[in-house]
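A.B. asks: Got a structure for you, questions after.
The values are calculated or read from the model by the stated rules, or taken from the named source; none is laboratory data. Everything numeric here is computed off the predicted structure, so don't read it as measured data. Quick reminder, even Gly has a Cβ in these numbers, built from the backbone with ideal geometry, and neighbours come from all protein chains shown. What goes into the accessible areas is simple: the full protein's heavy atoms, side chains included, and nothing from ligands, DNA or RNA. Shrake-Rupley method; radii C 1.70, N 1.55, O 1.52, S 1.80 Å.
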Amino acid sequence: MVGAATLTIDLDALCRNYRTLRDAASPAAAAAVVKADAYGLGAERIAPALYREGCRDFFVAHLGEALTLRPLLAADARLYVLNGLQPGTEMLCADAGIIPVLNSLQQIANWSSLGLASPLPAALQVDSGMSRLGLSPAEARLLAAEPARLAGVRPLFLMSHLAHADQPAAQQNRDQLASWDGLRALFPDLRLSFANSGGVFLGPDFHGDLVRPGIALYGGVPSPLAGDTLSPVVRLDVPVIQTRTVPAGTLIGYGGDFVAPAEMRLATIAGGYADGLPRSVAGKGAVYHAGVRLPFVGRVSMDSVVVDASALPEGSLQLGSMVELIGPHQTIDQLADAADTIAYEILTSLGRRYHRVYLPVQQ
Ligand SMILES: *Cc1c(COP(=O)(O)O)cnc(C)c1O
C-alpha cells in the first residue's frame with residue numbers, strides 16, 4: 001500500500017540462511033524453530049518455504065501453534081511442541097499427528113498411557129543445566145532404569161537446550177556439554193538434538209543428529225562465530241507523517257524530556273511502541289534516510305516517534321517519504337542494541353499494522 005509502513009520479509013534470504021546452517025551442521029540434519037509465528041515473521045509463509053528447501057522438522061512452543069501449521073505442511077513434515085502438553089490435550093495432539101516434547105515424568109506417563117495400544121512418537125527433553133524444561137538428571141536416570149515407563153512411547157530423539165550458546169567462551173557451554181554427554185549415555189539408542197542457532201557454531205560436539213536453529217534463520221547473528229555468513233531477512237520502512245522546523249528551547253514529545261538545543265528540522269514517523277519499537281530506544285536509537293543517521297528525539301509514542309532530520313538537506317523529507325528502521329544501515333541486532341534488548345525481542349514484537357511484503361525464493 002502506498003505510504004504504509006512496510007515490513008519486507010525476504011524468503012530467499014531465509015532459505016539461504018537455512019542452507020548455511022544445514023551445511024554448518026552437516027552431517028546432522030537441520031530443523032527450523034518456527035514458534036511465536038516464526039519469530040513474528042509469519043509461520044504460515046516461513047514454514048512452507050523451508051519445507052520446499054528440504055526442512056522436515058519444525059518446532060513450535062504451543063500445541064495451538066502446531067495445530068495451525070499442521071494443514072499447511074505435507075504429511076512427511078514433523079511438528080514438535082517444545083513446551084510439552086497440558087494434561088487433557090494428549091488426544092488432540094495425537095489425532096493431529098503432532099509430536100510432543102515430553103519434559104517431565106508426568107508428561108511421559110500421560111503420553112504413554114494414551115499410546116499403549118500402539119506407541120506414539122515423542123521427543124524426550126533432559127535438562128543439561130538451564131533449569132527450564134526437561135527431566136532432571138535424577139529423573140533421566142530413573143527413566144533409564146525403568147524403561148516400562150516408556151511402554152506407550154516411541155522416542156524419536158533425546159534433546160536438551162543451551163543457555164549460553166551466544167557466548168562461545170562461556171564455561172556454562174562446557175558444563176552443559178559434560179552433563180549432556182552423561183545424559184545421552186543413559187539412552188544409547190536414541191538420536192540426539194542439542195544445538196540452537198548459537199550451538200550450531202559451537203562445533204560438532206554440540207550438533208547430535210538434528211540441530212534446532214531459530215533466530216539465525218531470520219537473520220539474527222547468534223554468535224560471534226557466525227561471522228557474516230547469515231543474510232538479513234527483514235527490512236522495515238516507515239513513512240514520514242509530518243515535518244517541522246523548531247527553534248532552540250522547544251520541548252519535543254511526551255513529558256517534554258527533550259529540549260531542542262538549537263534550531264532543528266524534525267520529522268514525525270509512523271511507528272511507535274504499538275508497532276514494536278521499544279520505548280527504550282529513546283535517546284539512543286535512530287532511523288536512516290539515504291544512508292544518513294536521524295536520531296530519535298524525545299519519547300517513543302504509541303503510534304509515532306520524532307526524529308532529528310537536521311543532518312539532511314532541507315526539504316529531503318516530506319509527507320510520505322520513507323525512512324529505514326531495519327535494513328542495510330541498521331540490522332535487527334543493531335536496533336536491539338540501541339534498545340538494550342535482543343534481536344529475538346525486536347522480531348517477536350513487530351506489530352500487526354505493517355503492510356507485509358514477502359519476497360519470493362529465487363529459482
Ligand atoms: C527457541 C528454541 C530454539 C531456537 O533457539 P535460537 O536461539 O532462536 O536458535 C531451540 N530449541 C529450543 C528448545 C528453544 O526453545
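A.B. asks: Choose one of L21, L150, Q176: the residue whose Cα lies farthest towards the positive end of the charge dipole of the stretch 11-221 (beta-carbon charges +1 Lys, Arg; -1 Asp, Glu; about the Cα centre).
C.D. replies: L21
A.B. asks: Whenever you get a sec, compute what percent of the accessible area on the chain sits on carbon and sulfur atoms (1.4 Å probe).
C.D. replies: Ligands and nucleic acids excluded, carbon and sulfur give 54 percent.
A.B. asks: Test of understanding: given the chain, find the longest segment containing no GluC sites (Glu not before Pro) that are in a DSSP loop and have at most 13 other Cβ atoms within 10 Å. Don't skip to the end; give the middle numbers.
C.D. replies: Working: sites that count: E263, E314.
It works out to 1-262.
A.B. asks: Taking just the C-alpha trace of the stretch 11-221, give me its Rg and Dmax in Å.
C.D. replies: 16.4, 48
A.B. asks: Okay, moving on. Using a 7 Å offset from the Cα along the Cα-to-Cβ direction at both A74 and L319, what is the distance between the two label points in nm, to one decimal?
C.D. replies: Here the answer is 5.2 nm between the modelled labels.
A.B. asks: Ok, one more. Considering only protein heavy atoms, what per residue accessible area in square angstrom results for the stretch 11-221 with a 1.4 angstrom probe?
C.D. replies: Result: 39 Å² per residue.
A.B. asks: Another question about this same structure. Compute the longest continuous run of the chain that contains no exposed trypsin sites (Lys or Arg not before Pro); treat a site as exposed when its DSSP state is not H, G, I, E or B and it has at most 12 other Cβ atoms within 10 Å.
C.D. replies: By the stated rule (loop sites, at most 12 other Cβ atoms within 10 Å), 133-283.
A.B. asks: Moving on to the next point. Taking every DSSP beta bridge that has both residues in the stretch 11-221, what percent is antiparallel when rounded to the nearest 5?
C.D. replies: Roughly 5 percent of the beta bridges in the stretch 11-221 run antiparallel, per DSSP.
A.B. asks: With contacts defined as alpha carbon pairs under 8 Å and 6 or more residues apart, what's the relative contact order of the stretch 1-145 in percent?
C.D. replies: Result for the stretch 1-145 is 14 percent.
A.B. asks: Next up: Can you tell me the 0 to 90 degree angle between the C-alpha axis of helix 171-185 and the longest principal axis of the chain, rounded to 10?
C.D. replies: Approximately 30 degrees, to the nearest ten.
A.B. asks: While we're here: Given the whole protein assembly as supplied and a 1.4 Å probe, what does the accessible area of M91 come to in Å², nearest 10?
C.D. replies: For M91, the solvent-accessible surface is approximately 110 Å².
A.B. asks: Nearest 10 degrees is fine. How inclined is helix 105-114 to the longest principal axis of the chain, computing both from alpha carbons?
C.D. replies: 70 degrees
A.B. asks: So which chymotrypsin sites (Phe, Trp or Tyr not before Pro) in the stretch 47-106 end up in coil per DSSP with only 16 or fewer other C-beta atoms within 10 Å?
C.D. replies: Nothing satisfies the criteria.
A.B. asks: Same structure again: Per-residue ellipticity at 222 nm for the chain, helices alone: DSSP H runs ≥ 4 residues times -39500 (n - 2.57), over residue total, nearest 500 deg cm²/dmol?
C.D. replies: -7500 deg cm²/dmol
A.B. asks: Here is a further query. Can you pull the one-decimal nm distance between simple spin-label points at A290 and L312, each 7 Å off the Cα toward Cβ?
C.D. replies: Distance between the two pseudo-spin positions: 0.8 nm.
A.B. asks: Can you give me the convex hull volume of the Cα atoms of the stretch 223-322, divided per residue and expressed in Å³? If you can, show how the numbers build up before the last one.
C.D. replies: Numbers: hull volume 12.1 nm³, N = 100.
Taking only Cα atoms, the stretch 223-322 has a hull volume of 121 Å³ per residue.
A.B. asks: Under the 0.36 nm per residue contour assumption, what length would be gained going from the current alpha-carbon distance of N83 and R154 to full extension? Can you show the working numbers first?
C.D. replies: Details: separation 71, 0.36 × 71 = 25.56 nm, distance 1.84 nm.
Separation in residues times 0.36 nm, less the Cα-Cα distance, equals 23.7 nm.
A.B. asks: Still on this model: Once Rh is set to the Kirkwood radius over Cα pairs, what Stokes-Einstein translational diffusion coefficient, in µm²/s, holds for the chain at a temperature of 4 °C and a viscosity of 1.567 mPa s?
C.D. replies: 58 µm²/s
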